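A short worksheet on the structure shown next.
Nothing in this text is a laboratory measurement; each read-out follows from the coordinates by a stated rule. None of these values were measured; they are calculated from a predicted model. Every residue, glycine as well, gets a Cβ built from its backbone with ideal geometry; the counts of neighbours run over all protein chains shown.
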Amino acid sequence: MTEMRRFIERMPKAELHVHVEGTLEPELKFDLARRNGIELPYRSVDEMRAAYDFDDLPSFLKMYYEGMGVLETEQDFRDLTTAYLTRAHAQNVIYAEIFFDPQAHTVRGIAYDTVIRGIRAAQEDAEEKLGIRSQLIMCFLRDMSAESAMATLEQSLPYRDWIVGVGLDSDEKGNPPVKFREVFARARDEGFGLTMHCDVDQENSTTHIRQTIRDIGVDRIDHGVNALEDKALCDEIVQRGLALTVCPISNRCITGSLKALEVRRMLEMGMRATVNSDDPAYFLGYINENLVATQEAAGLTREQVVRLAVNAFEASWLPQDEKQALRGRLERYVVSQAIA
Ligand SMILES: [Zn+2]
């Protein structure tokens with residue numbers, strides 16, 4: 001193992017872009033299917049993984065929604081979240097902001113309460129037993145209506161203290177940020193942090209990125225790699241200090257390119273890029289694999305790798321004192337490695 005790889009793997013990290021439903025590994029999918037008496041269209045884990053052959057966003061989403069059909073009970077959501085947090089902890093993630101897609105479950109007749117209670121129980125458990133801190137971000141499905149998103153926002157209010165922010169995901173084509181202007185304005189009034197996916201190489205990408213900034217007023221941007229096509233847009237992102245949650249292995253699965261050089265360019269331009277795993281069970285890479293692949297492909301220096309990690313802590317939605325404490329752990333690690 002190279003020294004750089006070891007440095008990355010042991011580094012204390014924050015992950016800001018991971019969909020809990022996208023962490024559902026085939027093994028757990030089979031276990032839950034068995035538990036719930038659901039027949040899967042695959043005979044084995046290997047056969048299922050072989051079907052993870054995506055070439056665009058819709059082909060991934062089809063598999064993603066099909067996969068989460070095995071999640072039915074509070075215990076299922078708890079087991080799913082525990083599995084992610086255990087893996088993240090093993091990769092030295094000390095803080096995670098986790099997306100969940102309530103509408104993908106409520107449309108199947110699963111109660112909102114079932115979903116969030118299961119996830120929450122796992123978060124509390126992992127914090128106590130493993131010391132990994134996490135917060136939840138509720139995503140609206142952009143290919144559903146704004147009315148449905150608003151109803152979901154209202155459903156979330158009794159659990160306001162369990163959710164730190166809201167996001168927007170699923171199929172971007174024909175579903176621009178401004179479709180959800182009122183929903184996000186209401187979310188801001190309720191005190192949620194705001195983020196939105198601007199997926200890679202989508203139609204009207206820079207227009208959508210500009211909308212998230214100017215019409216929605218997001219606090220950060222998920223993906224957003226195509227901003228690099230527009231210098232004025234990059235300048236605006238830098239000036240507003242907006243972080244971007246880039247997911248290189250996800251990019252490779254969806255577009256054929258890691259966009260690793262783009263990550264380097266962002267850093268060189270002073271944009272607050274971070275590296276994350278997105279849907280690691282489907283794209284076959286957690287945060288360390290993403291950081292290692294990006295470092296190798298773009299030839300990032302150790303300072304640039306540390307910058308990615310610092311950016312993630314700074315862009316997190318933690319109270320200032322906690323943010324400082326976690327960043328301190330990263331800084332102590334970097335110093336200890338410089339001496340060694
Ligand atoms: Zn995502």
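The 3J(HN,Hα) values that the Karplus relation (6.51, -1.76, 1.60; θ = phi - 60°) gives for the range 60-66 are, in residue order, 5, 4, 4, 5, 5, 6, 4 Hz. Gly and Pro appear as x. A simple rule links phi to the HN-Hα coupling: the Karplus curve 6.51 cos²θ - 1.76 cosθ + 1.60 with θ = phi - 60°, which for the range 30-47 gives 5, 4, 5, 4, 4, 4, 9, x, 9, 8, 9, x, 10, 8, 8, 4, 4, 5 Hz, with x for Gly and Pro. Consider all pairwise Cα distances in the chain and report the whole-number % of them above 37 Å. Value for the chain: 11 percent of Cα pairs lie more than 37 Å apart. For ARG272, the amide hydrogen comes within under 5 Å of the amide hydrogens of LEU244, counting only partners 5 or more places away or on other chains and with H modelled in the peptide plane. Under 15 Å from a point placed 7 Å out from the Cα of LYS129 along the Cα-to-Cβ direction: which residues of the range 157-181 have their backbone N that close? Correct set: none at all. When ARG214, ARG117 are sorted by how many other C-beta atoms sit within 10 angstrom of their C-beta, beginning with the fewest, the order is ARG214, ARG117.
Need one number: convex hull volume per residue for the range 2-102, Cα atoms only, in Å³.
Numbers: hull volume 13.2 nm³, N = 101.
Expressed per residue, the convex hull around the Cα atoms of the range 2-102 is 130 Å³.
If you look at the Cα atoms of the range 183-261, you get an Rg and a Dmax of 12.8, 39 Å. Under the simplified labelling scheme, the ALA232-THR301 pair shows an inter-label distance of 3.3 nm, with each label point 7 Å from Cα along Cα→Cβ.
Amide hydrogen proximity for ILE98: with H placed 1.01 Å from N in the peptide plane, the residues at 5 or more positions away or on another chain lying under 5 Å are GLN135, LEU136, ILE137.
Residues ASP125, ASP55, ranked from the fewest to the most other C-beta atoms within 10 Å, line up as ASP55, ASP125. Each of the peptides 223-229, 72-78, 185-191 was scored by the mean count of other Cβ atoms within 10 Å over its residues; in descending order, highest first, they stand as 223-229, 72-78, 185-191. From least to most packed, judged by other beta carbons within 10 angstrom and beginning with the fewest, MET269, MET68 follow the order MET269, MET68. Seen from LEU300, the other residues with C-beta closer than 10 Å to its C-beta sum to a net charge of +1, counting Lys and Arg as +1 and Asp and Glu as -1.
Note on the range 32-60 and the range 325-340: Cα centroid distance 41 Å, given to the nearest whole angstrom.
Other residues lying with their Cβ under 11 Å from the Cβ of LYS62 contribute a combined charge of -3, Lys and Arg counting +1, Asp and Glu -1. Among the trypsin sites (Lys or Arg not before Pro) in the range 1-71, those placed in a DSSP loop whose Cβ has at most 10 other Cβ atoms within 10 Å are ARG43. Taking the helices alone, the chain has a mean residue ellipticity at 222 nm of -16000 deg cm²/dmol, built from -39,500 (n - 2.57) per DSSP H run of at least 4 residues and averaged over all its residues.
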